[in-house]
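First up is the structure itself, then whatever we jot down about it.
No value in this document is a laboratory result; all are computed from the given coordinates. What you are looking at is a predicted structure, and each value in this text was computed from that prediction instead of being measured. No Cβ is skipped: glycine too gets one built from the backbone with ideal geometry, and neighbour counts run over all protein chains shown.
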């Protein structure tokens, strides 16, 4: 249960971000309505009181002002249109500064204590580096360790570190720092410690070699070490981790302003062969999607990730100053079903719901860029298999199954759907109308995240629920019968245990594949879609990571020419 | 029985006269026409909308106006026109319930301020003033904790706030009436305090109250839109103008038209309600309404004879 909290925090952060945006836009609305009123009340009251020439004079003045404004606006538009091609023409030189617009803001910079993907996004690969690297396909590569050996029984991992590594403060980075960082993580139970399992010992063999011994094989060890648990910190450095960061990465944390921005500056003494391309990168947080889009269109930010709804891109794709693209991710929009609930413990009802849902339509309504997902494992995770044809959209079959379960027009089925308001009301409304077609009356309740936590996550008092489970490698949810799905399958639990104990990768994937298929066949839940991040950037920007860029954003090789 | 019928006739002709006076002026006519259409749409939408409210077309979201969808579709692919029509019923419910609650609370507090005991009346005044200083949004946020997003939140928050306001505004009128000679006479003739309040004081307050309530009605619609935007108003799945507006608001820079429809609707109806309140005040205020003055003089002359 404890490792589940990790996945929830981003959502909570999203919520605070959302409420922040509400306040901001309310304030702006109030402001605009006030000015609007002031403007309109002027001529109106004058018109009523004044008369004759005086009145006419005012009208003429008003018309002149209006004409001037219109002409100014037209000129402004024409002028801005005309200047853009010349800007585009030059392939130019690399800019000193680039600004990136993001959505979820971290509350502080303390990556050891503060969970949430917003922190991973800023700090990992840019400021702190993990022992094992991770590439854009979510696979492990060389990191601080240039290579590693695994014993045949997969219980001893020997890591060979790069030589001559330094932290940004000049301290050397060697096996001592690695061992200290990992041991501290386990000892003090810092964020992500539970991803390192079966650890027997972590020790330095020499200055450039670290040996991790396991009590039993753990196939996710390398992947875990490529994330937060594998980060290496300077043992001797003293700094306020909430606002400062001293790591070994290609960037330095120059400033952090809560809910506003993070400024990164190139680490001129980076130990690696390739230093960061752009000198200063500012990450700016926009809680409000419209504000973000406007900032992007006006050129005050060069990259916007994510463009919240792909429908928003219609105004960007037509503009040749911008490039719009999608990246894969591990966000699974899971329609959770209470497998222990009175109605949904019946597999026929669950299957009927899966047949009743038209995933294509849901994806199309969001702009058609998300991927269909037929099971619990997304394409970037090990064990992925396209399971979308297990339950294709089929209204008649859904009705049949419901009839077999004892529900028809005379005895209609009523179900509750409860989910957090961060996901918007559209999902609920769509599901309501799709399930109506097979005779299920869906009662949708959109609530605060804290209410959802209480009702669904803790008390399991729900029929259906919708959550974006954005974590990677999170199959444990289906092997844990106490999780809020209440899905309890011995077969799946065994397969998952086998996958963790597997000594080679293909074996691990095979077990996970079988387990995922079983979960999907049992209709333990429905997977509405696999969210794909839409990123928009200035056409002068190259090398911006598209995959998984909401949890990992390596910026060192990004270039921005003008 | 005969007395009742004649009284009813008199009351009806009085109301008719008031409406006639309102209709007489341009802004009053506008208000009456808009409010009439609103009621008509509410009745129609209760039985029929161009498209069923359960229909949604995910392949056709945020569509521009077309013959099939005269006002386009929203983010779920539902017909905007149908949902706005259905929303007018929800608004009417909110407005009616809010006004009734406000009137009730107003009357209760006025009766307290007129209480025999000076302490009770003092307490009522202090309580009114104190509660008035709490913003509607805060009341709504507190109520939303146990109730969740629901119509009840809007109705109670607005009803309480406007009711107290009402009590504050109508109080001088009520005190004036309560201290008048005719109330004194009625009391001397043996009528109870309660009877005196309902027969003599309340009728004096009703004109002020009805004007205030029609303004409350406009504000209630605005409050619905605002609170729904904050996520504590109308629950998901219920049609309302505020819900349509807040759903579209996040896409204002891409699909501005979808914000225009509910926005314009709210503006027009709220303006109409406010103008109606203004006209009503004119109609029932003898200082402004010369017809009323003439009638009063006639009565006076008649009684003088």
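Among B:208, B:44, B:234, the largest mean-square fluctuation in a Gaussian network model of chain B, built with springs joining Cα atoms closer than 10 Å, belongs to B:44.
In terms of the mean number of neighbouring beta-carbon atoms within 10 Å, the peptides B:108-118, A:530-540 order highest first as A:530-540, B:108-118. With all pairs of different C-alpha atoms in the average, the Kirkwood value for the hydrodynamic radius of the protein assembly as shown is 31.7 Å. Between segment A:245-301 and segment A:539-560, what is the C-alpha centre distance in whole Å? The two parts, judged by their Cα centres, are 11 Å apart.
Let me check I have the definition right: for segment A:297-415, take the eigenvalues of the Cα gyration tensor, multiply each by 5, take square roots. What are those semi-axes in whole Å, largest first?
Numbers: eigenvalues 286, 53, 31 Å².
Three semi-axes, in Å: 38, 16, 12.
Sorting A:59, B:261, B:48 from the fewest to the most surrounding beta carbons within 10 angstrom yields B:48, A:59, B:261. Label-to-label distance for residue A:280 and residue B:137 is 3.5 nm, based on points extended 7 Å past Cα in the beta-carbon direction. Among B:199, B:29, B:78, the largest mean-square fluctuation in a Gaussian network model of chain B (Cα springs under 10 Å) belongs to B:199.
So if we plug the beta-carbon distance of residue B:4 and residue B:222 into 1/(1 + (r/R0)^6) with R0 = 25 Å, what FRET efficiency do we get, rounded to 0.05? Calculated value: 0.05. Between residue B:66 and residue A:396, the simple label model (points 7 Å from Cα in the Cβ direction) yields a spacing of 2.8 nm. Considering only the Cα atoms of segment B:117-165, their convex hull presents on average a projected area of 3.6 nm².
One quarter of the convex hull surface built on the alpha carbon atoms of segment A:406-485 amounts to 6.3 nm², the projected area averaged over directions. Computed over the alpha carbons of segment B:165-260, Rg followed by Dmax gives 22.3, 72 Å. Counting Cβ atoms of other protein chains within 10 Å of each Cβ in B:247-253 and taking the mean gives 5. Sorted on the mean count of surrounding Cβ atoms within 10 Å across their residues, most packed first, peptides B:239-252, A:314-327, A:279-292 read B:239-252, A:279-292, A:314-327. Looking at the protein assembly as shown, what % of its DSSP beta bridges pair antiparallel, to the nearest 5? Expressed as a percentage, antiparallel bridges in the protein assembly as shown total about 75. Each principal axis of segment A:346-460 carries a Cα extent, and these read 42, 34, 27 Å when sorted largest first. Equivalent-ellipsoid semi-axes for segment B:23-78 (Cα gyration tensor, √(5λ), whole Å, largest first): 32, 14, 8.
By other beta-carbon atoms within 10 Å, ranking A:308, B:80, B:100, A:98 with the fewest at the front produces B:100, A:308, B:80, A:98.
So for segment B:107-249, considering every pair of alpha-carbon atoms, how many percent are separated by more than 24 Å? Cα-Cα pairs of segment B:107-249 separated by over 24 Å account for 44 percent. On a per residue basis, the convex hull of the C-alpha atoms belonging to segment A:94-237 measures out at 137 Å³. Counts of other chain beta carbons within 10 angstrom of each beta carbon in peptide B:51-62 average 6. How high is the relative contact order of chain A, in percent, counting Cα pairs under 8 Å that sit 6 or more residues apart? 20 percent. Here the Debye sum runs over all C-alpha atoms of segment A:257-346 as equal scatterers in vacuum, and log10 of I(q)/I(0) at q = 0.15 Å⁻¹ comes out as -0.80.
Put in line by how crowded their Cβ is, counting other Cβ atoms within 10 Å and starting with the fewest, A:301, B:215, B:206 read B:206, B:215, A:301.
What does the helix-only formula give at 222 nm for the protein assembly as shown: each DSSP H stretch with n ≥ 4 adding -39500 (n - 2.57), the total divided by the residues, and the result rounded to the nearest 500 deg cm²/dmol? Display every interim value, and only then the final one.
Numbers: 26 runs with 420 residues, N = 867.
Helix-only estimate at 222 nm: -16000 deg cm²/dmol.
As a ratio to 2.2 N^0.38 Å, the alpha-carbon radius of gyration computed for segment A:472-562 takes the value 1.53. Taking the inverse of the mean 1/r over every pair of distinct Cα atoms in chain B gives a Kirkwood hydrodynamic radius of 21.7 Å.
Note: relative contact order over chain B, using C-alpha pairs below 8 Å and six or more positions apart, is 22 percent. Among B:207, B:235, B:146, the residue with the largest mean-square fluctuation in a Gaussian network model of chain B, with springs joining Cα atoms closer than 10 Å, is B:146.
Peptide A:424-432 shows a mean partner chain C-beta count of 6 within 10 Å per residue C-beta. For the pair segment A:173-204 / segment B:186-257, the C-alpha centres are spaced 61 Å from each other.
If you find the alpha carbon centre of segment A:219-241 and of segment A:447-475, how far apart are they in angstrom? Taking the Cα centre of each part, segment A:219-241 and segment A:447-475 sit 29 Å apart. If I model segment B:1-154 as equal point scatterers sitting on the Cα atoms and use the Debye formula, what is log10 I(q)/I(0) at q = 0.09, 0.10, 0.16, 0.18 Å⁻¹? Relative scattering, expressed as log10 I(q)/I(0), comes to -0.58, -0.69, -1.13, -1.17.
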